[in-house]
There are 2 protein chains.
Amino acid sequence: MRNTRADVVLAALRVLQAQGLEGCSMRRVAAELEVQPSALYHHVPNKQHLLALMADEIVDPVTAAESRDPRLLCIELRDAMLAVRDGADVVATATAFRLGSSEIEERIAELVGSDGARTLLLYTFGHAQSTQTHRQAEAFGALIDPPAGRHRDDSEAEPAAMSSDLDSSFERGLDIILKGLA
Amino acid sequence: MRNTRADVVLAALRVLQAQGLEGCSMRRVAAELEVQPSALYHHVPNKQHLLALMADEIVDPVTAAESRDPRLLCIELRDAMLAVRDGADVVATATAFRLGSSEIEERIAELVGSDGARTLLLYTFGHAQSTQTHRQAEAFGALIDPPAGRHRDDSEAEPAAMSSDLDSSFERGLDIILKGLA
DNA sequence: ACCTGAACACCGTTCAAGT
DNA sequence: ACCTGAACACCGTTCAAGT
């Protein structure tokens, strides 16, 4: 026995971490395993399926956690996604296909109802995604200019300060939703 | 004068509507304009920038609307995104680059504060994205699904009801957040 | 200013064939 | 069962050159 499906998923996660989602091609995953690209299709039907397996792996620590606090679960979920490069994108797209039947959504739904669970999860995914995109854009220096024709006045935040503020912004949004649920 | 930047954006939106985000390649947009792929780079620096321009165009009706009701603005935003194939994906990724400085976020922030605005927007994007992904999966499944000899039993969800339920699910989540803000 | 033609360095996926 | 080798039909982007 040479490579197993788990080997492929782990190799893919290494490539994701190193190259980002855009650089995470089947060909590079194959190279990481020192194998021809076509060999991957013996373990996985296609790239989309592989990405779903990667998403499961990223989220696994949260699934394993036994917390019954929705607030904590969301924070842990966000942390798990942010721990891997482009992890939020990978998890969010993979989960969209099974909204209403994901394990975490069901866990949270038992605590706050299904509307609340969906609201919390979509917010968590969205915030993680934009945190990650923003950080990456910042690292790249590729931030796009704000709408033309206007200037920032004193009431508005400095874009530079935004990124570090994203973590606490997440928890404040979370508390708004939880207050609405109470 | 042959093609203008606006022509490129409109052609790209036609290709997006017809082929979806995955099929919306620079080469296909060029073909839509009956032009060589390289010609596009005279109007637009790269694909990412073109996608941002497309996002602006998709969201434009909401920007033009004069409503001061955050609930209505979110519903209009979602409708605008859902009106174009994969529109939610296009807008969500393009907006992530300028979170904190998008025009709609500023409009809503004046009404409910910046934390509330971000929470509402991220929820709206997330819900629109998963609505669209789900509908697409449903439409794609409908081509394969109609199993002649088979009937759905009570343990299975009604696919037809699911899609329309996403609309009201969105508004219930919206109300949860708005209640938390009140 | 706007576009062509050709090239470069890539993609995901399939499939017969090897071991 | 797991993999190679070769191919197919694509990508985004660059760049000299045309008009």
So, taking all protein chains as they sit and a 1.4 Å probe, how much accessible area belongs to A:K47, in Å² rounded to tens? 80 Å²
With every protein chain kept in the model, how would you rank A:E103, B:E105 by accessible area, 1.4 Å probe, largest at the top? A:E103, B:E105
Part-to-part distance (alpha-carbon centres) for the range B:27-67 and the range A:23-62, which is given in Å: 32 Å
Counting just the Cα atoms, what span does the range A:1-85 cover along each of its three principal axes? Round to the nearest Å and put the largest first. 45, 26, 18
Run the numbers on the range B:116-135: which residues show a drop of 50 Å² or more in accessible area, chain on its own versus all protein chains together, using a 1.4 Å probe over heavy atoms? B:R118, B:T119, B:L122, B:Y123, B:S130, B:T133
What accessible surface, in Å², does a 1.4 Å probe find on B:S67, ignoring ligands, DNA and RNA and rounding to the nearest 10? 20 Å²
Solution diffusion estimate, µm²/s, Stokes-Einstein, the range A:90-137, Kirkwood Rh from C-alpha pairs, 10 °C, viscosity 1.306 mPa s: 142 µm²/s
Not counting ligands, DNA or RNA, and with a 1.4 Å probe, what is B:D165's accessible surface area in Å² rounded to the nearest 10? 70 Å²
Go through B:R14, A:R27 and list them by solvent-accessible area, largest first, probe radius 1.4 Å. A:R27, B:R14
Can you work out the Karplus-derived ³J(HN,Hα) for every residue in the range A:23-30? Use 6.51 cos²θ - 1.76 cosθ + 1.60 with θ = phi - 60°, whole Hz, and x for glycine or proline. x, 8, 8, 4, 5, 6, 4, 4
Return the value, in Å² to the nearest 100, of accessible area buried between chains A and B (probe 1.4 Å, both sides summed). 3000 Å²
For the range A:47-98, with equal point scatterers placed on the C-alpha atoms only and solvent neglected, what are the log10 I(q)/I(0) values from the Debye formula at q = 0.15, 0.17, 0.20 1/Å, to two decimals? -0.38, -0.48, -0.65
From the phi of every residue in the range B:165-174, what ³J(HN,Hα) in whole Hz does the Karplus formula 6.51 cos²θ - 1.76 cosθ + 1.60 yield, where θ is phi - 60° and glycine or proline is x? 5, 5, 5, 6, 4, 4, 5, 5, x, 4
If you plug each phi of the range B:68-73 into the Karplus form 6.51 cos²θ - 1.76 cosθ + 1.60 with θ = phi - 60°, what whole-Hz ³J(HN,Hα) values come out, in order, with x for Gly and Pro? 10, 9, x, 4, 5, 4
Copy-to-copy spacing for B:R172, label 7 Å out on the Cα-to-C-beta vector, in nm, shortest first? 2.9
So for the pair A:A39, A:S67, with labels modelled 7 Å out along Cα→Cβ, what separation do we get in nm? 4.0 nm
Taking the label point 7 Å from Cα in the Cβ direction, how far apart in nm is A:E103 from each other copy of itself, listed shortest first? 4.5
Accessible heavy-atom area order of B:S102, B:S164, A:S168, highest first, probe of 1.4 Å: B:S164, A:S168, B:S102
Going 7 Å from Cα along the Cα-Cβ axis for the label, what nanometre distances separate B:E66 from the same residue across the other copies? 6.0
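The values are calculated or read from the model by the stated rules, or taken from the named source; none is laboratory data. Worth saying up front: this structure is predicted, and the values here are computed from it rather than measured. Methodologically, a virtual Cβ is constructed for each residue, glycine included, from the backbone with ideal geometry; neighbour enumeration extends over all protein chains shown. Surface areas here come from the heavy atoms of the whole protein model, side chains and all, with no ligands, DNA or RNA. Shrake-Rupley method; radii C 1.70, N 1.55, O 1.52, S 1.80 Å.
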